[in-house]
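Take a look at the structure below.
The values are calculated or read from the model by the stated rules, or taken from the named source; none is laboratory data. Predicted model only: the values in this text are computed from it and were never measured. Cβ sites come from the backbone with ideal geometry, for glycine too, and all protein chains shown count toward neighbours.
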């Protein structure tokens, strides 16, 4: 919990810098690429976290690797994370930055689960309805999970709308189990 709070503060600071420089999309894109790289190969972060490696050496390596690949603002940010021994929070900072970016752009990611594939017309109508309900732009991610039997589950940020057959059957089971029969 504390690390999430710290990551959120760092993400907010980077977001404010990116916004003030008018490079929110560039810095966001670079940060997501860096996060993706560090999530796939943990060796770089492990090296940058290692207490036996001097901070000056870490800084020199990062400058060598990323000076031409990252914008100056993001490079400075990464160097700050190294100097403050917070580089281990890079993935969490990336997630928090993404939330801030979505909020700034008025975008919500909707995760939709169905038991079968749905056609593009249904997806479009679902997106239109969700945009009407939320008043924000919806980015839909669809996945198939046959265990829900039928129906649909929609996740919008922290809100879940579960209209699956599995949920309804479980609710019915719970209600029947709570009945007292004399």
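Tell me the residue from 100, 126 that is over 30 Å from residue 23 (Cβ atoms) and in a helix (DSSP H, G or I), please.
The unique qualifying residue is 126.
Looking only at region 137-182, filter to residues that are farther than 21 Å from residue 120 by Cβ and in a loop (DSSP other than H, G, I, E, B); which one of those is modelled with the highest pLDDT?
Restricting to residues being farther than 21 Å from residue 120 by Cβ and in a loop (DSSP other than H, G, I, E, B), the top hit is 149.
What residue, of 153, 161, 148, is farther than 30 Å from residue 19 by Cα, in contact with a strand residue (DSSP E or B) (Cβ under 6 Å, 6 or more places away or on another chain) and free of Cβ contacts under 8 Å to residues at least 12 places away in the same chain? Before the answer, list the steps.
Values: 153 fails: free of Cβ contacts under 8 Å to residues at least 12 places away in the same chain; 148 fails: free of Cβ contacts under 8 Å to residues at least 12 places away in the same chain.
Being farther than 30 Å from residue 19 by Cα, in contact with a strand residue (DSSP E or B) (Cβ under 6 Å, 6 or more places away or on another chain) and free of Cβ contacts under 8 Å to residues at least 12 places away in the same chain holds for just one of 153, 161, 148, which is 161.
Of 62, 78, which residue is closer than 25 Å to residue 33 by Cα, more than 23 Å from the chain's Cα centre (by Cα) and in contact (Cβ under 8 Å) with a residue 12 or more places away in the chain?
On the way: 78 fails: more than 23 Å from the chain's Cα centre (by Cα).
After applying the criteria, what remains is 62.
Hey, residue 131 hits all of (1) in contact with a strand residue (DSSP E or B) (Cβ under 8 Å, 6 or more places away or on another chain); (2) closer than 30 Å to residue 47 by Cβ but one; which does it fall short on?
(2)
Which of the numbered conditions does residue 116 fail, given that it passes all the others? Conditions: (1) assigned to a helix (DSSP H, G or I); (2) in contact with a strand residue (DSSP E or B) (Cβ under 9 Å, 6 or more places away or on another chain); (3) over 16 Å from residue 141 (Cβ atoms).
In the conditions (1) assigned to a helix (DSSP H, G or I); (2) in contact with a strand residue (DSSP E or B) (Cβ under 9 Å, 6 or more places away or on another chain); (3) over 16 Å from residue 141 (Cβ atoms), residue 116 misses (1) alone.
What number of residues within region 35-58 satisfy the criterion of being in contact with a helix residue (DSSP H, G or I) (Cβ under 8 Å, 6 or more places away or on another chain) and over 12 Å from residue 87 (Cα atoms)?
3
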